[in-house]
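S.K.: My questions will all concern the structure given below.
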Amino acid sequence: MLELGKDIEEKLLKIYADNGVMLEGNIIKLIKPETSDFAEYLKTASDKDKENRRKRLEITKQIQSQNRDLIAAQEQNMSLMDELRGALKKAEDAKNNAENDLDILQKKTQFELIGSIIKVALWIIIGVGIITSLLYFIALMTNKDTKILESAWSNMFGILLTNSFSIIGTIMGVKYASKEDK
């Protein structure tokens, strides 16, 4: 046991009375009081120390519990973020696939339309050429004046030939203008 003496005991009591500061910790258990006032002081200091330790332990446990909750929440957030990244990647892939499919469908439709236009234009050109040639041939066989018909026949073939190249050139220009370089 530790004996402090009356003067130190009185100084400690005065510090407590003036400032409200008491001894703390395990040292209190080792001090042997000389006066009953100091014995009461040590009992109060011991009780206060126990209460402070209990509060600190309670706060520590609360903080540890909150830390565990925060760590669990952080792990859950990370898991959700990973799931969101995966879902975003899948959505982007699906979008890209849909855009590619739409592009292919549009190109296929354009190609079919161009093919139809070319077929119709060629049939018209061939039909007009055949009809004009038949009329010219009939005029030649009937020994009619073919001067006007000759120039009309020549002009008609020139126009048909020019228009056919114009149609084909326009279609090819549209086809290559709409083509994307990758």
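Every number here is computed from the coordinates shown, using simple stated rules; none is lab data. Note that the structure is predicted; figures quoted are calculated from it, not measured. In this analysis, Cβ positions are derived from the backbone assuming ideal geometry, glycine residues included, and neighbour counts consider all displayed protein chains.
S.K.: Given the options 91, 45, 121, state which has the largest fluctuation in a GNM of the chain using a 10 Å cut-off (strictly under) for Cα springs.
M.R.: 45
S.K.: Determine by what factor the alpha-carbon radius of gyration of segment 98-140 differs from 2.2 N^0.38 Å, reporting the quotient.
M.R.: For segment 98-140, the normalised Cα radius of gyration is 2.02.
S.K.: Let me ask something else. For residue 26 and residue 60 in one chain, what is 0.36 nm times their gap in residues minus the Cα-Cα distance, to one decimal in nm?
M.R.: The span from residue 26 to residue 60 would gain 10.2 nm if fully extended.
S.K.: Let me ask something else. Which residue, 21, 120, 128, tops the fluctuation ranking in a GNM of the chain built on C-alpha contacts under 10 Å?
M.R.: So, out of 21, 120, 128, the one fluctuating most is 21.
S.K.: Can you give the angle from 0 to 90° between the axis of helix 36-141 and the longest principal axis of the chain, with both taken from C-alpha atoms, to the nearest 10?
M.R.: So the inclination is approximately 0 degrees.
S.K.: What is the sum of charges around residue 10, taking Lys and Arg as +1, Asp and Glu as -1, for the other residues whose C-beta is under 13 Å from the C-beta of residue 10?
M.R.: Neighbour charge sum, excluding residue 10 itself: -2.
S.K.: In the neighborhood of residue 136, defined by Cβ-to-Cβ distances under 11 Å, what is the net charge if each Lys or Arg adds +1 and each Asp or Glu adds -1?
M.R.: Net of charged neighbours comes to 0.
S.K.: With label points built 7 Å along Cα→Cβ from the Cα atoms of residue 2 and residue 97, find their separation and express it in nm.
M.R.: 7.8 nm
S.K.: Report the gain in length on full extension from residue 48 to residue 104: 0.36 nm times residue separation, minus Cα-Cα distance, nm rounded to one decimal.
M.R.: Net length gain for the segment: 11.9 nm.
S.K.: So what is Rg over Rh here for segment 53-172, counting just Cα atoms and using Kirkwood for Rh?
M.R.: Radius of gyration relative to Kirkwood radius: 1.78.
S.K.: Near the amide H of residue 31, under 5 Å away, which other amide H atoms are found, from residues 5 or more places off or on another chain, if H is placed in the peptide plane?
M.R.: Those lying under 5 Å, H to H, from residue 31 are 2.
S.K.: Further, regarding this structure: So how much slack lies between residue 40 and residue 118, counting 0.36 nm per residue of separation and subtracting their Cα-Cα distance, in nm?
M.R.: 16.6 nm
S.K.: Related question: Label-point separation (nm) for residue 18 and residue 138, each offset 7 Å from Cα along Cα-to-Cβ?
M.R.: According to this spin-label approximation, the distance is 13.9 nm.
S.K.: Would you calculate a helix-derived [θ] at 222 nm for the chain, using -39,500 (n - 2.57) for each DSSP H run of n ≥ 4 and dividing by the full residue count, to the nearest 500?
M.R.: After summing the helix terms and dividing by the residues of the chain, the value is -31500 deg cm²/dmol.
S.K.: Sticking with this one: Ordered by residue, what ³J(HN,Hα) values in Hz, to whole numbers, does segment 163-170 give under the Karplus form 6.51 cos²θ - 1.76 cosθ + 1.60, where θ = phi - 60° and Gly and Pro are x?
M.R.: Values, residue by residue: 5, 5, 5, 5, 4, 5, x, 5 Hz.
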